[in-house]
1. In region 277-332, what count of residues is obtained for those that are more than 23 Å from T199 (Cβ to Cβ) and out of contact with any Pro (no Cβ under 9 Å at 6 or more places or on another chain)?
2. Anything in region 109-157 that is without any contact (Cβ under 8 Å) to a residue 12 or more places away in the chain and small (G, A, S)? List them, or say none.
3. State whether one or more residues within region 135-145 are buried (at least 19 other Cβ atoms within 10 Å of the Cβ), polar (S, T, N, Q), under 24 Å from A273 (Cα atoms) and at pLDDT below 90.
4. Would you say F321 is more than 30 Å from G76 (Cα to Cα), within 22 Å of the chain's Cα centre (by Cα) and touching a residue at least 12 places away in the same chain (Cβ under 8 Å)?
5. Is it true that L71 is surrounded by fewer than 18 Cβ atoms within 10 Å (Cβ to Cβ), free of Cβ contacts under 8 Å to residues at least 40 places away in the same chain and not in a loop (DSSP other than H, G, I, E, B)?
6. Does at least one position in region 372-381 carry a residue that is touching a residue at least 12 places away in the same chain (Cβ under 8 Å), assigned to a loop (DSSP other than H, G, I, E, B) and closer than 21 Å to T161 by Cβ?
Amino acid sequence: MSKSSKMEQISLSQLVRVFGRIGLLSFGGPAAQISLMHRELVEQRPWLEEKEFLGALSFCMMLPGPEAMQLATYTGWKLRGTLGGLIGGLLFVLPGALIIAALAALYVAFGEVSAVQHAFVGVQAAVVAVVLQALIRLSGKVLNDKAAWLAAMVAFAALFTQMLPFPAVILLAALAGATLPALQPTNSPKPASVPFKRTARTVLIWGLLWAAPVALLIVLQAQFLIDLALFFSKLAVVTFGGAYAVLAYMVQAVVQEHQWLTTPQMMDALGLAETTPGPLILVTQFVGHLAGYQAGGTGLAVLAGLVTLWCTFTPCFLWIFAGAPYVERLLHAPRLGNALRMISASVVGVIANLGLWFALHVLFSKHQSVGPVTLPNLSSFELLPALLVLLGCGLLLGLRLPLVIVLVITAVAAIFAAPLM
């Protein structure tokens with residue numbers, strides 16, 4: 001079925017129903033979300049062919065930003081053009097964004113209650129298990145040769161010692177991959193070219209939409225919101241490799257450079273984001289909301305959450321709508337596949353660094369700087385978090401329980417065990 005015939009046969013109401021269901025049920029991270037979209041769009045209805053879906057997924061993995069959200073946007077565009085892309089992308093994000101806003105407000109209101117604080121010890125322990133699970137899954141898929149292992153180890157070492165920032169690690173991995181010989185040269189003819197004027201118009205429109213609120217904040221001299229907007233706009237450009245990969249960069253900047261949040265607050269944010277539908281990168285909304293509250297109260301918190309959402313997800317529509325017409329041509333460039341492969345391998349090292357960061361801050365209450373490296377004070381080891389981490393790993397990796405159930409169990413266990421320790 002051609003694209004034009006699909007657009008004629010699929011109504012907007014059908015698109016809203018299907019993508020609305022995807023948005024409400026998209027728990028469990030990118031892998032589960034992509035599987036859900038495959039079932040809804042390829043298996044249960046003849047909207048996309050397997051080859052089209054996999055090609056779209058490959059394209060989205062080459063882009064910065066949340067690949068599952070961008071896949072929803074791209075498939076919507078494929079089915080009903082720009083309006084379809086907006087429906088797919090917005091319905092994938094909005095349910096989770098509304099829930100995150102409510103959770104952030106509750107966190108601000110009740111986060112100091114002792115029972116809630118104990119619960120978040122359990123949530124943080126579960127987060128360590130979640131990151132470990134992501135590391136195991138991804139490493140099994142991408143570390144399949146010596147070059148991939150080397151890329152992962154270099155990325156870990158560069159970030160752990162703070163020799164290179166996250167964007168530089170990803171850029172170097174991409175450049176190294178592009179220099180490798182093409183794995184599978186293609187002999188099929190290249191698709192037709194796309195008019196440059198159409199691409200330039202798309203980039204201009206979405207670039208202005210992205211920049212307009214930032215420009216307004218500059219005019220209003222709202223310095224805190226300007227700093228948020230610029231930081232999360234930069235984050236949107238360098239978020240290759242998914243949410244777990246960029247979290248290491250975000251933690252370093254938010255906690256150490258800007259000091260908007262503490263490390264425990266960052267881990268609470270990630271734990272709450274894991275319980276909601278939609279892309280995990282919605283954790284940025286929680287970060288913005290909490291940072292805004294601490295800087296100026298409830299009103300600034302709401303504005304900060306909205307600014308963060310805008311600067312996180314508006315660029316995703318720019319990447320998709322500008323790049324979608326080129327997908328078939330890009331998939332004929334084998335060296336891009338090598339670049340993506342090395343980026344994926346380096347992301348394993350990035351996630352390993354993130355997991356070690358979280359684990360050290362959960363298991364030890366005091367830390368010290370040794371040169372560029374932050375190491376724990378071994379005498380500050382905490383037994384309860386260690387037991388909760390083991391519980392979370394056993395439930396998530398051993399019994400393979402759903403993440404939401406694991407978070408609830410570890411939180412409840414922490415509430416009851418804390419007074420006994």
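1. Of the residues in region 277-332, 25 are more than 23 Å from T199 (Cβ to Cβ) and out of contact with any Pro (no Cβ under 9 Å at 6 or more places or on another chain).
2. A109, S114, G140
3. yes
4. Values: more than 30 Å from G76 (Cα to Cα): no; within 22 Å of the chain's Cα centre (by Cα): yes; touching a residue at least 12 places away in the same chain (Cβ under 8 Å): yes.
Against the criterion (more than 30 Å from G76 (Cα to Cα), within 22 Å of the chain's Cα centre (by Cα) and touching a residue at least 12 places away in the same chain (Cβ under 8 Å)), F321 does not qualify.
5. Details: surrounded by fewer than 18 Cβ atoms within 10 Å (Cβ to Cβ): no; free of Cβ contacts under 8 Å to residues at least 40 places away in the same chain: yes; not in a loop (DSSP other than H, G, I, E, B): yes.
Against the criterion (surrounded by fewer than 18 Cβ atoms within 10 Å (Cβ to Cβ), free of Cβ contacts under 8 Å to residues at least 40 places away in the same chain and not in a loop (DSSP other than H, G, I, E, B)), L71 does not qualify.
6. yes
The values are calculated or read from the model by the stated rules, or taken from the named source; none is laboratory data. All figures in this text were calculated on a predicted structure; none of them were measured in a lab. As a convention, Cβ positions derive from the backbone with ideal geometry for all residues, glycine included, and neighbour counts pool all protein chains shown.
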